[in-house]
1. Quick check: pseudo-label points 7 Å beyond the Cα along Cα→Cβ at R288 and T180, how many nm apart are they?
2. Which length gain, in nm to one decimal place, applies between S312 and R27 when the Cα-Cα distance is subtracted from 0.36 nm times their residue separation?
3. Classify the range 1-104 from the C-alpha gyration tensor, please: rounded if a/c falls under 1.5, else prolate or oblate depending on whether a/b exceeds b/c.
4. Report, in debye and to the nearest 20, how large the dipole of the range 184-378 comes out about its Cα centre when Lys and Arg carry +1 and Asp and Glu carry -1 on their Cβ.
5. Using the crude model of +1 on Lys and Arg Cβ and -1 on Asp and Glu Cβ, and no other charge, please compute the dipole size for the chain relative to its Cα centre, in debye to 20.
6. I want the local charge near S172. Using Cβ-Cβ distances under 12 Å, sum +1 for each Lys or Arg and -1 for each Asp or Glu among the other residues.
7. Would you calculate, for the chain, the mean residue ellipticity at 222 nm contributed by helices, counting each DSSP H stretch of 4 or more residues as -39,500 (n - 2.57) and dividing by all residues, to the nearest 500?
8. Classify the range 131-250 as rounded, prolate or oblate from the Cα gyration tensor: take a ≥ b ≥ c as the square roots of its eigenvalues, call it rounded if a/c is under 1.5, otherwise prolate when a/b beats b/c and oblate if not.
Amino acid sequence: MDVRKFSIPEILFGQGSLKYAALCAKRLGAERVFLVSDAGLEGAGWVDQVFSILEDEHLAWTYFNGISANPRDHQIKAGARLYRESHCDVVMAIGGGSPMDGAKGVALVASNGGEVQDYEGANRIQRPLPPMVFMPSTAGSGADISQFTIITDMQRQVKMSIISRTLVPNISIIDPELLTTKTRELIISSAIDALAHAVEAYISTIASTLTEIQSLKAIDLIMKYLPIALEERTLTALEKLSSASTSAAMAFSNASLGLDHALAHSLGGKLDLAHGLIHPVLLPPVMRFNLPACVEKVADIGEIILGGRQSSAEATAREGIAHLEVFFADLGITTRLRDIVHTSDALPQVCEMATYDACLVTNPRPATAEDMMHICEASW
């Protein structure tokens with residue numbers, strides 16, 4: 001009998017749900033919250049709003065905003081030290097993938113000790129983490145749902161994938177109103193990150209019926225509602241993107257990812273690239289590379305993208321990938337590697353490093369460093 005595990009947090013979803021943040025923390029035993037966010041959320045007024053929500057429920061807090069894009073190992077160490085010194089008992093994060101990944105790293109090191117590098121890979125965390133309440137401000141990273149955190153080892157210039165059921169937050173509060181203060185560029189990059197999650201989870205070697213349903217729904221919602229959200233900026237369309245991101249996160253958290261993310265992590269770690277800029281470049285050529293191993297599944301994705309089947313599964317798959325490239329180009333975003341990397345000198349090392357990424361384990365087709373170089377060359 002094929003037995004699968006499906007792990008997700010408790011989810012509060014809907015406009016205005018942010019107001020329940022303090023009540024959720026109190027339900028988890030909070031007396032002093034360790035709140036993680038960043039300057040962007042401060043400027044948009046969301047951090048002050050959370051302060052007010054905590055104050056209304058008579059909760060103390062310690063605030064930490066020392067997490068950059070692509071969270072660094074030394075930032076995790078500083079945050080864990082502050083958490084312990086402040087005697088906090090619940091970790092809360094409001095922001096995109098970086099503050100939430102950073103908050104997971106802080107919770108991990110504060111409770112398990114050592115260095116964050118000690119936990120690279122899958123299932124290496126031994127002790128429970130403090131309770132976590134996350135509020136995503138983007139519709140893309142899925143860090144509020146998933147059992148992943150991605151932290152950069154600065155000495156090795158490697159984005160480490162840390163994977164464990166203990167990294168799944170206790171509660172995710174998904175309020176689409178937080179998306180209203182995001183730029184067009186951030187809405188696009190976040191949605192494409194969610195799309196890459198959904199595609200790779202669907203073709204993963206450990207995908208199940210539970211994850212496949214979520215993947216296909218996420219792909220459908222993003223293809224339909226991303227253009228509408230960009231043109232109209234309505235809360236209805238933004239809420240659909242939040243739904244898509246949540247579905248994609250439930251899928252990849254339980255089915256894992258693949259070659260696109262392995263390369264994206266390696267490129268981001270070595271060259272400090274924004275994660276969302278990489279997927280429009282790599283996802284189509286990676287899908288073509290994987291096609292011989294999963295033609296029917298890529299055809300399912302192609303059918304959603306195209307709105308119907310072509311003459312054969314392979315035709316549907318190939319035409320769907322081509323249409324996805326047009327979709328990305330129509331959004332006005334970069335689709336060539338040379339526009340974000342500038343020099344190809346580091347690519348051999350990037351590809352070699354990617355062979356060690358945990359996401360590669362569940363890719364439907366084995367990939368060598370040489371295969372990855374061919375993909376990079378095709379996307380150059």
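None of the figures in this text is laboratory data; all of them are computed from the coordinates on show. Remember, it's a predicted structure, so these values are computed and weren't measured experimentally. Cβ placement follows ideal geometry from the backbone for every residue including glycine, while neighbour counts extend to all protein chains displayed.
1. The two pseudo-label positions are separated by 4.3 nm.
2. Values: separation 285, 0.36 × 285 = 102.60 nm, distance 5.32 nm.
That works out to 97.3 nm of additional length.
3. Since a/c stays below 1.5, the shape of the range 1-104 is classed as rounded.
4. Working: 13 positive and 24 negative charges, 52 e Å.
Taking the Cα centre of the range 184-378 as origin, the dipole is about 260 debye.
5. Working: 30 positive and 44 negative charges, 112 e Å.
The dipole magnitude comes to about 540 debye.
6. Working: positive: none; negative: E10, D144, D175.
Summing Lys/Arg as +1 and Asp/Glu as -1 gives -3.
7. Details: 15 runs with 199 residues, N = 380.
So the calculated ellipticity at 222 nm is -16500 deg cm²/dmol.
8. Working: a/c = 1.61, a/b = 1.32, b/c = 1.22.
Prolate.
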